[in-house]
Amino acid sequence: MIDGLFISAAHAAAAESGGHHGGGGFNPMHQFVIDRYVPIKLFGYDASFTNSSLWMVMATGLVTAFLILSMKNAGNVPNRVQSLSEITYEFVANMVRQNAGNGGMPYFPVIFTIFMFVLSMNLIGMIPIPGLGAFTVTSHIIVTFALAAFVWIGVTAIGIAKHGVRFFKLFVPSGVPLLLLPLITIIEIISYFTRPISLSVRLFANMMAGHTMLAVFGSFVVGLGILGGWVPLTFMILLMGLEILIAFLQAYVFAVLSCIYLSDALHAGSH
Amino acid sequence: MDPAAAKLIGAGLACSALIGAGVGIGSIFGNFLSGALRNPSAAPGQFPNLLLGFALAEATGLFGLVIALILLFVF
């Protein structure tokens, strides 16, 4: 929904400024426009290969190449690239162990995949490529919502498969006074069903707000020219550092919350 | 009131969510610092929790920003 309106807002602004990008009619939302590279229609649905798809393929390819190439000449004493990929593995494995316990380790591959996918998409969105521009896939709510819905449905399915009806004890915490129990149960159910929304909006809002802010500051640099542009440029560099931190932190938060939801589902009976 | 003006006022009011985010982030870092100064050896172990709390508090403020954007562009 919000995707669509950004696109229409950005296209309207582009049309107002005579159709050409940038220049006089600057719009910080222009970076979120989706371009169809290869239009594909599938059963009446629009399944085109867009710039969003291209950046997703780039992120996936980059992570896969990094993990395969770094472990190609793996030895007992790790070289520099090998230890880098071992650090990422250990980082995520510790995260799963701490938040979901050893029972969560069978689901380590999916958490690792989600973490690396979100992290790489957040990070390569920071790098402008000539001819392609800079596009952050996670700044579109449909992408993050699909990821969050996948996590939420998967975790619920795991919980029901593992505990059966006892899974619904998750909504009825023990040790609560009987008078408060109906209220607490309603609150628990609402909070459970808003999980995919809060998980996706958190990532999307952070990425979108950060990139809009960068674009606005970038326009200050261009607008003040070679004489006055140095001041906002200094801020730009600091903001870039902050954005790289946020890019990492949001991938981490997404993965940690997935682990916590998984832990809830795995230990639903003992609440 | 003119609907366009009400829309802009509503979007501005939605940004007041950032008050809560500011208070939250400040309290997280302040409490971490006071705890870390009391027991510096335990501080590094709690650093991931600090970042987690920071990210969660910051995201709450950004929900307000999303509501402002919805008000501005959807209605």
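What follows draws every value from the coordinates through simple rules; no lab data is involved. None of the values given here were measured: they were computed from a predicted structure. In this analysis, Cβ positions are derived from the backbone assuming ideal geometry, glycine residues included, and neighbour counts consider all displayed protein chains.
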**Request:** Report the residue, chosen from A:Phe248, A:Phe26, A:Phe117, that carries the largest GNM mean-square fluctuation when chain A is represented by alpha-carbon nodes joined by springs under 10 Å.
**Result:** A:Phe26
**Asked** If amide H atoms are built 1.01 Å from N in the plane of the peptide, which residues on other chains or at least 5 residues away come under 5 Å of the amide H of A:Asn27?
**Response** A:Gly22
**Request:** Could you run the Karplus curve 6.51 cos²θ - 1.76 cosθ + 1.60 with θ = phi - 60° over region B:7-13 and give me ³J(HN,Hα) per residue in whole Hz, x for Gly and Pro?
**Result:** 4, 5, 5, x, 5, x, 5
**Request:** Take the Cα atoms of chain A, build their convex hull, and give its volume per residue in Å³.
**Result:** 199 Å³
**Message:** If I fit a long axis through the Cα atoms of helix A:181-193 and take the longest principal axis of the Cα atoms of chain A, what angle between them do I get, 0 to 90°, rounded to 10?
**Reply:** 40 degrees
**Prompt:** Taking the Cα atoms only, what angle lies between the long axis of helix A:108-124 and the longest principal axis of chain A, rounded to 10 degrees?
**Reply:** 20 degrees
**Complete:** Amide H contacts under 5 Å for A:Phe49, restricted to residues at least 5 apart in sequence or on another chain and with H modeled in the peptide plane, are A:Tyr37, A:Val38, A:Ile40
**Asked** GNM on chain A, C-alpha springs below 10 Å: top fluctuator among A:Ala255, A:Ala93, A:Ala59?
**Response** A:Ala93
**Asked** What's the angle, to the nearest 10 degrees (0 to 90), between helix A:2-16's Cα axis and the longest principal axis of chain A?
**Response** 0 degrees
**Asked** Excluding same-chain residues fewer than 8 positions from A:Lys72, which aspartates and glutamates have a Cα within less than 17 Å of its Cα?
**Response** A:Glu86
**Given charges at beta-carbon only (K, R positive; D, E negative), |dipole| of region A:34-270 in Debye** = 360 debye
**Prompt:** Taking only DSSP H segments of four or more residues, each worth -39500 (n - 2.57), what value at 222 nm results for the protein assembly as shown once the sum is divided by all its residues, to the nearest 500 deg cm²/dmol?
**Reply:** -24500 deg cm²/dmol
**Asked** Which of A:Gln31, A:Asn79, A:Leu123 sits farthest toward the positive end of the charge dipole of the protein assembly as shown, with +1 on the Cβ of Lys and Arg and -1 on the Cβ of Asp and Glu?
**Response** A:Asn79
**Candidate lysines for bridging to A:Lys41, where Cα separation is under 21 Å - those fewer than 8 sequence places away on the same chain excluded** = none
**Asked** With springs only between Cα atoms under 10 Å, which of A:Leu180, A:Leu54, A:Leu62 fluctuates most in a Gaussian network model of chain A?
**Response** A:Leu180
**Asked** Which residue, chosen from B:Ile67, B:Val23, A:Thr194, occupies the Cα position most advanced towards the positive end of the dipole of the protein assembly as shown, where the dipole is computed from +1 (Lys, Arg) and -1 (Asp, Glu) charges on Cβ about the Cα centre?
**Response** A:Thr194
**Request:** Tabulate in residue order the Karplus-calculated ³J(HN,Hα) for region A:29-39, using 6.51 cos²θ - 1.76 cosθ + 1.60 with θ = phi - 60°, rounded to whole Hz; enter x for Gly and Pro.
**Result:** 7, 5, 5, 9, 5, 9, 9, 7, 8, 10, x
**Complete:** Computed ³J(HN,Hα) along region A:241-258: with the Karplus parameters 6.51/-1.76/1.60, θ = phi - 60°, integer Hz and x for glycine or proline, the list is x, 4, 5, 5, 4, 5, 4, 5, 5, 6, 4, 4, 5, 4, 5, 5, 5, 4
